[in-house]
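Encoded as C-alpha cells, the structure appears first; notes follow it.
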Amino acid sequence: MKSQEIRSKFLEFFKSKQHEIVPSAPMVLKNDPTLMFTNSGMAPFKEFFLGNNTPKNPRISDSQKCLRVSGKHNDLEEVGYDTYHHTMFEMLGNWSFGDYFKKEAIAWAWELLTEVYKIPKDILYVTVFEGDEGDGTKMDQEAYDLWKQHISEDRILMGNKKDNFWEMGDQGPCGPCSEIHVDIRSADEKAKVDGKSLVNEDHPEVVEIWNLVFMQYNRKADKSLEELPAKHIDTGMGFERLCMVLQNVQSNYDTDVFTPLIREIETITGVQYGNDEKVDVAVRVIADHVRAVSFAIADGQLPSNNGAGYVIRRILRRAIRYGFTFLNQKEAFIYKLSETLAHQMGEAFPEIKKQATLVHNVIKEEEQSFLKTLEQGLLLLDTVIQNSASKEISGRKVFELKDTYGFPEDLTGLILSERGFSYNKSEYDVALKEQQERGRQATALATDDWVSLIDDEVEEFVGYDTLSVGVKLTRYRKVTTKKDGDQYQLVFNMTPFYPEGGGQVGDKGFLEDAHGDVIHILNTKKENNVIIHYTKNLPNHLNESFKAVVNEEYRRLSASNHTATHLLHQALRSILGTHVEQKGSLVSPKHLRFDFSHFSKVDSDQLKEIEAFVNARIRENLPLEEKRNIPMQQAIDEGAIALFGEKYGDSVRAIKFGQSMELCGGTHVQQTGDVWYFKIKSEGAVAAGIRRIEAITNMAVGEYFEDVEDKFNAVKDVLKNPKDLTKAVTSLQDENAALKKQIEQLLKDKAKNMKGDLKNQITEINGVNFLATKVDLDPASIKNLLFELGGEIDNLFVLFATAPTKEKAMLTCYISKDLANEKGYDAGKVVRELGKLIHGGGGGQNFFATAGGKNPGGIPKALERAKDYIV
C-alpha cells in the first residue's frame, strides 16, 4: 500500500465516523510562547483543550506536520542512527473535544488497524497506565477493561508515568494514555525473545505506532492534578512508522516516504545506500533533515541566528556536515532535493509545491554560506583535538566554535564523539550563560495558575468598533520575569485592546474603576486564543466593573502603518509581479517593515514607482470595505489574498481598499487618506529570495521631512549658503580628492626618506636583522615600507608601532619568509601577545600581521619585549 493511500484511508475512515477533516496547521507556531514549533498533533488544538475556544465540530481528524528538535520532545540525536526517529514527521490524529471518550477511541483504533489496514492481531501489543503514587492516580482500569474486548490480556501491558501519562507541558491538560506497539521481527527472532519484553525498549522492530491520550486532568503550577470539566481524546499515529508496517519493511527509510529522496541523493552524490553504515547514516540524516528544513521554510520560518530560525539553521548545517564528511560533497547539493520533495508531497501539502522556488533558493544560499566556513571550522576543531591533553575538550573552545564560526554545539559534540572525544558541558554552559547575560532579554521565570473570578469561556473582542468599553475581569495570573519583575496578566469578558498579531504590535491604554483608580495596560498579546492584558499592578477591586480605554494615538498610528502594508503589498505585486508574496511584517506606531518574496534587488526607479503607487492610493482616499466572519473559501473566491504560514479558521475577516483585498485580523484606518503619506526608508535582503522594505507613514513622515530639511539647511550654512548646493558639494568633493592624492604622495615621500634612517637602526641579534621602533605613518605606508625593507634585507624581523590618536594604538610585525617558514617565527603570534599590552589584539599570517588597541601607553613596553622573540 503506497503512502498516499495509507494517509487517505486514515482520513476516510474517520470521516466515516463523523469527523471533520482539517488541513495540517503550519509547523511554525504563533501565539504560543511555550512552543517554537508544532511538536505533536494536538498543538494546533490547544485552545480547545484549554477551554479557550470551542470547535464547530467536536470531532476532528488530520495529518499534522510536526517537528521535534528542541525542548522536552527532542529526537534530533537519534535521527539517522536508528531507522524510526525523525525531526519532521507526520502525525495522523483523531480528536474529540468533550464528545466521545475511551470506548470509541479504543474501538475505532482497533478497527482501523486490524480491519482496514489488515495488520495481524498477533503482532500488536497495547499498554495501559499503571498509576502513579506521587500524583495519587490509580491504574487505568477502564482502558484495561475496554482493551480486553479486542485483544487477549497477555498482550495488554502496564506502563509507567514516563511512557503512559501524556502532558503538553509543565502545566495544562494531561492524562493517561494507551500506546499501541507493533512487533515486525522475523518468526525466528520472535521464537527467541517474547515481544512484550521489548516494548518501550527502543528496539528498531518493536515500535510504538499509535498513542491514544485520554485528556481528563489539568496539571496546576504546584504540580497537583485536578479533573477537567470536559474530557477529550487526543491521538497520534506516526505516519512513517505505519508505512513501514504496511509496506512490510524494517526501516522507515525503506518506505516510499523516503526512497525517492534517497535515490536522488544517490544520483547526485554517486554513493550507494546500503553498503556502508557511515554513508547510510549520512544519507538518512540528509533525507530526514531536508524535509524538516523545507517545510519550515514553506511555513514561513527562515534560517537565522536566533530562536526558531536558529533551530532550522542547526538542522540544515547538520545535514551539510554529514554530506561534506561522509559523502565527500564539497559543493552545495541538498537544495536540489527540494524538487523531489515538492513532487512527492505536494498533493497532500500544497504549500511545499507553492513555495518550491523559495525553498530551493534559501537552502542553496545557506549551504553555500556554511560550506565556506565548514572546512576552516573542521581544521580548527582538528587543532583543538590535537592540542588537547585529554579526551575531554574545553567547553569554552566548543562555545568559541559556535559563537565565531556558527558551529552548533550539538554538531561539534557529534564530530567529537565520532573521534572518541567529548567536551566539558558545564564549561560550555557557563560560557553560553555569560553571553546570554550580556544581551539577555526578559524571560519568564515563574507563572502562577490562573485565578478564575467569573466562569466566562468566550472573550469578545470589540476593538474594531470602539476604543472604550465597560469590562469585567474574568481571570488573572501573576508572571515573574527577570527584566520586569512581577507582572499581572488580565483577561476580561470583552476587550477593545488589539492583541499582538499579524505583525501588528499590541495595544496600550488603561483601566479605570468606579473609584477613580487607574491601572495602565502595558501590552496586549494573544495566547491560545485568549487575549491577555499586561499590567504592573493588580486592580484593587477585582470583582467590580472597569472602563477599558485604548491609547487612541498609539492605535491610530499603528492602523495607519497596517493599512500601508496592504497598499505596499498591492504595489509590489503590480510593479514587480504576482510572484511577490508577503513573508513577514512588523507594524508599530513608529514604522512598518514588510518582507516579501523577490529574487533581485529592487532598484531605485522601482522604489520610486512603488512609493508613487501607494501614495496615489492614499490620495484617492479609498474607503475601508470590511467583511467579518465570512467563509474562508468565499473570501478566496472574491479575490482575497491569504498568507502561507498563517492558520485561518473556518470564518475569516477580509479587508479591502480599492483593488487591494487581504485576509487580515489587524486594525485599519477608515479611508486611505488617513495614512497621509508613505515614505520608503530602506530596501534590502533578508535571505535568499526574501527582500525587506522599511517605511513610515503619517506623523513619522512629517518628522522625517522636518529632519531632512534641518540637515539640508545645516549643510547650506556650513557651505556659506551657496546658490547651487549640488554644484558646491561636487566642487568640494573634487577638491578633497585632489588633496588626498597630494597627501598620499607626501606620505610616500616621507616613507622613502625614512627608509634610510630605519636601515641604519637595524641591529643583528643571533643572525636576525632586528628593528623595533615607533613611526608616524598611516597603515598603507607602513605596509609598503616593510615590504620594501624585506625585499632589500634578508633575515629581517621588524615591529613598527604607531599611535594615530590619543586613544588608538597599532602594532605591525614583518618577518622574512625564510625565518617564518624555516625557523618557525610567527608574526601573528607576536602581535596577538604584544597586542595585550596596548589593550587590544589582532592577527595575520606568519610573515605579516597587525594588531590594534586603545592604549598607546603600552607601546614602549611592546617594543621592548619584541626582542624576546628573537631566538
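Rule-based calculations on the coordinates, nothing more; no lab input. Keep in mind the model is a prediction, meaning the values are calculated, not measured. As a convention, Cβ positions derive from the backbone with ideal geometry for all residues, glycine included, and neighbour counts pool all protein chains shown.
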message = If R₀ is 30 angstrom, what is the calculated FRET efficiency for the pair S545 and D448, using the beta carbon separation as r and rounding to 0.05?
response = 0.80
task = Round to the nearest 10 and give me the degree value, 0 to 90, for the angle of helix 604-619's Cα axis relative to the longest principal axis of the chain.
result = 50 degrees
note = Residue span Q4 to K483: 0.36 nm per residue of separation minus Cα-Cα distance leaves a gain in nm of 167.5 nm
key: Distance (nanometres) between label positions extended 7 Å along Cα→Cβ at N160 and S588   = 4.9 nm
remark   = Expressed in nanometres to one decimal, the distance between label points 7 Å along Cα→Cβ at Q141 and D868 is 8.1 nm
ask   = How large is Rg over Rh for the range 444-550, taking Rg from the Cα atoms and Rh as the Kirkwood inverse mean of 1/r across Cα pairs?
value = 0.93
request  = Assign unit charges at the C-beta atoms only (+1 for Lys and Arg, -1 for Asp and Glu), then state the dipole size of the chain relative to its Cα centre in Debye, rounded to the nearest 20.
outcome  = 2780 debye
task = Using only Cα atoms, tell me the angle between helix 698-718 and the longest principal axis of the chain; keep it within 0 to 90° and round to the nearest 10.
result = 0 degrees
message = In Å, what Kirkwood hydrodynamic radius results for the chain from the alpha-carbon pair distances?
response = 32.2 Å
remark   = Between E694 and E792, the FRET efficiency computed from the C-beta separation at R0 = 41 Å comes out, to the nearest 0.05, as 0.15
ask   = Can you give the Rg and Dmax of the range 659-749 based on its C-alpha atoms, in angstrom?
value = 22.2, 70
key: Spin-label model distance (nm) - E266 vs K759, 7 Å beyond Cα toward Cβ   = 7.1 nm
query = From Cα coordinates alone, what are the radius of gyration and Dmax values for the range 3-249 in angstrom?
reply = 17.3, 53
request  = Take the alpha carbon atoms of the range 555-705, find their radius of gyration, then divide it by 2.2 N^0.38 Å using N residues; give the quotient.
outcome  = 0.99
task = Could you list the trypsin sites (Lys or Arg not before Pro) in the range 587-616 that lie in coil according to DSSP, counting only those with at most 16 other Cβ atoms within 10 Å of their Cβ?
result = K590, K601
inquiry  = Please list, ordered by chain and number, the residues whose modelled amide H lies under 5 Å from the amide H of T137; skip anything fewer than 5 residues away on the same chain.
reply    = D132
ask   = Roughly speaking, what is the stretch gain from E706 to T466, that is 0.36 nm per residue apart minus the C-alpha to C-alpha distance, in nm to one decimal?
value = 83.1 nm
inquiry  = Tell me the Rg and the Dmax, in Å, that the Cα atoms of the range 748-869 produce.
reply    = 13.2, 39
key: Rounded to whole Å, sorted largest first: equivalent-ellipsoid semi-axes of the range 202-288, Cα gyration tensor   = 40, 15, 11
Modelled FRET efficiency - R0 35 Å, K808 with H520, Cβ distances, 0.05 increments = 0.15
message = Please compute the alpha carbon radius of gyration of the range 84-186, then divide it by the globular-protein estimate 2.2 N^0.38 Å. Two decimals is fine.
response = 1.14
Volume per residue that the Cα convex hull of the range 821-871 spans, once the total is divided by residue count, Å³ = 55 Å³
message = What do you get for the angle between helix 395-405 and the principal long axis of the chain? Use alpha-carbon atoms, 0 to 90 degrees, nearest ten.
response = 80 degrees
ask   = So how much slack lies between Q18 and K278, counting 0.36 nm per residue of separation and subtracting their Cα-Cα distance, in nm?
value = 88.9 nm
